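Read through the structure below, which is laid out as structure tokens, and then see the notes.
Here, each number is a calculation from the coordinates, and none is a lab measurement. Not measured: the values here are computed from a predicted model. Note that we place each Cβ from the backbone using ideal geometry, even for glycine, and neighbour counts take in every protein chain shown.
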Amino acid sequence: MDARTLGALAFALVFLAGASRRRRDRPGKFWSWSEVYADQADRTMEADAYASALATVVLDPLRESIGQPLTVSSWFRSAAHNKAIGGVEDSHHLTGGAVDLLPAPGWDAVRMARELVRLGVPFDEVIAYSPERGGHLHVTWLQRYGPPTAELLYAPPQGGFVQLGKEAIA
Ligand SMILES: [Zn+2]
């Protein structure tokens, strides 16, 4: 191996080390891995990728627009954890591509949903929970190959889910 090849190889190794360090650093600009995983032992590359994509493409613009920190109440869930808290069996939280956010002061889940629509970011499912049902905003984006399904729902106090028409909240 000549010096030039060796040099190129060394550069590639340093570059890759740096890239993987940056990737591990944090998901998106405003979030941390401890917010994604309650137990860091649950981390997988696949869940990291889903969480990073959700954070960067969907949550960062929302956080930036609201201009205040948003509290994560639930992000990735292991199957055991999801079962323990009564989550639905096929919950998107099992992938890392779904998050529950508590509203910032002066905001509520419906207003945050409206802000996501206004920002034009992709999502598969947004559920705005009434205060009686936790008041959080559930956001799923699984970065599928097809277009995002953009389902927009409201969870009213009496239970169930109703469509939150984009035109109704635009
Ligand atoms: Zn959720």
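At a glance:
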{"read-out": "Scope region 77-93; condition of a type outside the set (Lys, Arg), farther than 16 Å from ARG133 by Cα and within 11 Å of the ligand (Cβ to nearest atom); matching residues", "value": "ASN82, SER91, HIS92, HIS93"}
{"read-out": "Check on GLY135, under 14 Å from GLY28 (Cβ atoms) and either within 15 Å of the ligand (Cβ to nearest atom) or surrounded by fewer than 16 Cβ atoms within 10 Å (Cβ to Cβ) (or both)", "value": "no"}
{"read-out": "Some residue of region 102-119 being closer than 18 Å to VAL36 by Cα and within 16 Å of the ligand (Cβ to nearest atom)", "value": "yes"}
{"read-out": "Out of SER65, SER73, sole residue that is loosely packed, with under 15 Cβ neighbours inside 10 Å, hydroxyl-bearing (Ser, Thr, Tyr) and either part of a loop (DSSP other than H, G, I, E, B) or more than 11 Å from the chain's Cα centre (by Cα) (or both)", "value": "SER65"}
{"read-out": "Pairs with Cβ under 8 Å, 6+ apart, first in region 130-144 and over 13 Å from LEU70 (Cβ atoms) and of a type outside the set (Phe, Trp, Tyr), second near the ligand (Cβ under 8 Å from one of its atoms) and not in a strand (DSSP E or B)", "value": "THR140/HIS92; LEU142/HIS92"}
{"read-out": "Given (1) within 11 Å of the chain's Cα centre (by Cα); (2) within 27 Å of GLY160 (Cβ to Cβ); (3) not small (Gly, Ala, Ser), number of the condition VAL121 does not satisfy", "value": "(1)"}
